[in-house]
Amino acid sequence: MLRENGHSPSEAFNETVEELTQSLIRLVDEKGMDWMYSNCSATAQRGALDWKPRFKAAVLPVFKDLYQKVKDGSETRRVISSCSKPDYQDGLNAELTEIRNSEMWQAGAAARSLRPHEPEKRITDATKGVGGRGEA
């Protein structure tokens, strides 16, 4: 929608994905949603509070449908069936390539390349949270 209204790919990425993942989510994680509501601009406060009912009405049916399908097992069966196809990996690679090559994700790759990078942390046997389920 931003692109359709004249915004550049990088601006569209920065005002949506980048703002959410690099700023807002981190603040909500650290301080909570109530803090966010209290400490953002009046424009953002009014937008969030006034548009909340419409967003909830738009997405709630989708979440209810998904929840029901998870609850009754049909989503699990659909995923297992899809992932069991002999050409699943080829189809998955095609889907991921389409996303990777989209204008928004290309803008994201450019934005990420401009961020300062810390060296990767070394993973050892003592590293917490990376061992998977392992043996019980």
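No lab work stands behind these numbers, since they all come straight from the coordinates. No experiment lies behind these values; they were computed from the predicted model shown. Here the Cβ positions follow ideal geometry from the backbone for every residue, glycine too, while neighbour counts run over all protein chains shown.
The figures follow:
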quantity: The stretch 58-128, Rg to Rh (Cα coordinates; Rh as Kirkwood inverse mean 1/r); calculated: 1.14
quantity: Kyte-Doolittle mean at least -0.5, axial Cα span of 24 Å or more - DSSP H helices of the chain; calculated: 42-71
quantity: The chain, relative contact order [Cα under 8 Å, separation at least 6], %; calculated: 36 percent
quantity: Over the stretch 1-72, equivalent-ellipsoid semi-axes from the Cα gyration tensor in Å; calculated: 25, 19, 14
quantity: Alpha-carbon Debye profile of the chain, log10 I(q)/I(0) at 0.09, 0.15 Å⁻¹; calculated: -0.51, -1.37
quantity: Protection proxy ranking, peptides 108-115, 57-64, average beta carbon neighbours within 10 Å, highest first; calculated: 108-115, 57-64
quantity: Within the chain, longest stretch clear of exposed GluC sites (Glu not before Pro) (DSSP loop, no more than 15 other Cβ within 10 Å); calculated: 1-119
